[in-house]
Amino acid sequence: MTINASCVVPFSLSGRWLKGNVHTHTTQSDGLFPPHQAIDWYRQRGYDFLAITDHWVLTPGEMIADDFVTITGTEVDGEGYHMLALGLNALPDREKANAVQQVTDSVLAAEGLPFMAHPYWMGQTSADIAAVDGVIGLEVFNAVCERMAGLGYARVQWDEVLAQGRYMTGLAVDDTHWKHGAAGTGFLMVRCERLDEKHILEAIRQGHFYASMGPIVKDLCLVEGEEGERFLSVECSPCQSITFYALGSKGHRFEASEDELLESARYPIAEEQLYLRVECMDAAGKVAWTNPLFVEGLL
């Protein structure tokens with residue numbers, strides 16, 4: 001039977017799934033498309049929302065139509081880091097850009113959501129990230145950095161931060177500049193009650209989303225075995241592998257057979273795992289990532 005556990009989100013929540021990209025550049029900084037053309041591109045391809053995040057430019061969100069909304073965003077940077085900031089009402093002081101903690105504090109004071117952008121490409125270690133108080137997540141996948149230099153994934157940094165007991169969510173973004181063929185190759189699926197900026201931002205703040213390059217995560221829940229043991233169970237679109245990541249070597253990968261792809265898997269929960277997060281990879285190598293769950297809240 002399925003256990004009703006409030007710690008398992010967002011799949012048990014009411015609302016609907018909204019697809020969006022939260023890292024996009026335009027002619028306001030170093031992108032090739034003007035904002036209206038970028039908005040049209042995503043809207044025509046079935047997206048529900050978009051954040052335009054030009055460098056040190058604050059682009060306010062607005063309701064574009066009944067079926068599409070933009071959310072406020074920017075990308076700020078300084079020595080050793082780039083930061084994606086969503087929902088803030090004012091830019092940080094650029095003269096203090098090299099003081100990453102002060103920039104983070106300013107984003108939070110402006111009611112924004114700070115995420116470390118493309119940490120592998122930046123050369124950031126997990127220690128660098130963990131040293132900044134207030135950052136709520138990182139880009140586990142950045143399509144442009146992968147296309148340009150093979151440095152788009154930040155699984156290791158994510159897992160090492162989680163291993164310290166610090167909760168962080170993981171974004172997949174395309175970071176398109178309209179010149180690398182990356183548009184549409186990384187996105188979020190956000191569980192939300194309403195299609196508006198306020199509700200989308202709050203859902204992202206709460207971690208009520210999963211990140212993807214293509215695969216669909218249909219469900220993530222706790223299930224109970226015949227002897228009362230607990231499992232984390234995932235259902236997804238057909239995939240080549242499903243991997244449960246945990247502390248160190250405490251996770252497990254399930255591989256599809258030669259004849260049939262995987263559409264579900266479950267893995268027993270144990271205290272020594274510390275946390276669990278799931279990656280579903282399809283036959284083309286595209287991945288979906290669930291946000292982590294700390295085991296303490298699951299047992």
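The values are calculated or read from the model by the stated rules, or taken from the named source; none is laboratory data. Model, not experiment: these values are computed from the prediction. Counting neighbours? That spans all protein chains shown, and the Cβs are built from the backbone with ideal geometry, glycine included. Note: areas computed on protein heavy atoms with side chains; ligands, DNA, RNA excluded. Shrake-Rupley method; radii C 1.70, N 1.55, O 1.52, S 1.80 Å.
Summary table below
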{"quantity": "Residue 224-residue 133 FRET efficiency (beta carbon distance; Förster radius 35 Å; 0.05 resolution)", "calculated": "0.40"}
{"quantity": "Largest to smallest accessible area among 42, 153 [probe 1.4 Å]", "calculated": "153, 42"}
{"quantity": "Gain upon complete extension [residue 30, residue 96; 0.36 nm per residue less C-alpha separation]", "calculated": "21.6 nm"}
{"quantity": "Spatially proximal aspartates and glutamates relative to residue 198 (Cα-Cα < 12 Å; intrachain offsets below 8 disregarded)", "calculated": "62, 111"}
{"quantity": "GNM result for the chain, Cα springs below 10 Å: residue of 182, 51, 127 fluctuating most strongly", "calculated": "127"}
{"quantity": "Amide proton proximity set for residue 186, modelled H, under 5 Å, gap of 5+", "calculated": "174"}
{"quantity": "Rounded tilt (10° steps) of 100-109 against the dominant C-alpha axis of the chain", "calculated": "90"}
{"quantity": "Of all DSSP beta bridges in region 42-116, antiparallel share, percent nearest 5", "calculated": "75"}
{"quantity": "Among 77, 259, 30: highest mean-square fluctuation, GNM of the chain, C-alpha pairs under 10 Å", "calculated": "259"}
{"quantity": "Cα lying deepest toward the dipole's positive end in region 124-193, options 167, 134, 178, charges on Cβ", "calculated": "178"}
{"quantity": "Neighbourhood net charge (14 Å Cβ-Cβ; Lys/Arg +1, Asp/Glu -1) for residue 87", "calculated": "-4"}
{"quantity": "GNM result for the chain, Cα springs below 10 Å: residue of 240, 37, 28 fluctuating most strongly", "calculated": "37"}
{"quantity": "Potential lengthening between residue 261 and residue 17 on full extension [0.36 nm per residue; Cα-Cα distance subtracted]", "calculated": "85.4 nm"}
{"quantity": "Extension gain, residue 109 back to residue 296 (0.36 nm per residue minus Cα-Cα distance, nm)", "calculated": "64.3 nm"}
{"quantity": "Heavy-atom accessible area order for 121, 289, 178, largest first, 1.4 Å probe", "calculated": "121, 178, 289"}
{"quantity": "Region 32-73: C-alpha gyration tensor shape, a/c 1.5 cut-off, then a/b vs b/c", "calculated": "oblate"}
{"quantity": "Principal axis dimensions, largest first and in whole angstrom, of the chain by Cα", "calculated": "59, 40, 36"}
{"quantity": "Probe 1.4 Å, all protein chains present, accessible-area order of 249, 237, largest first", "calculated": "249, 237"}
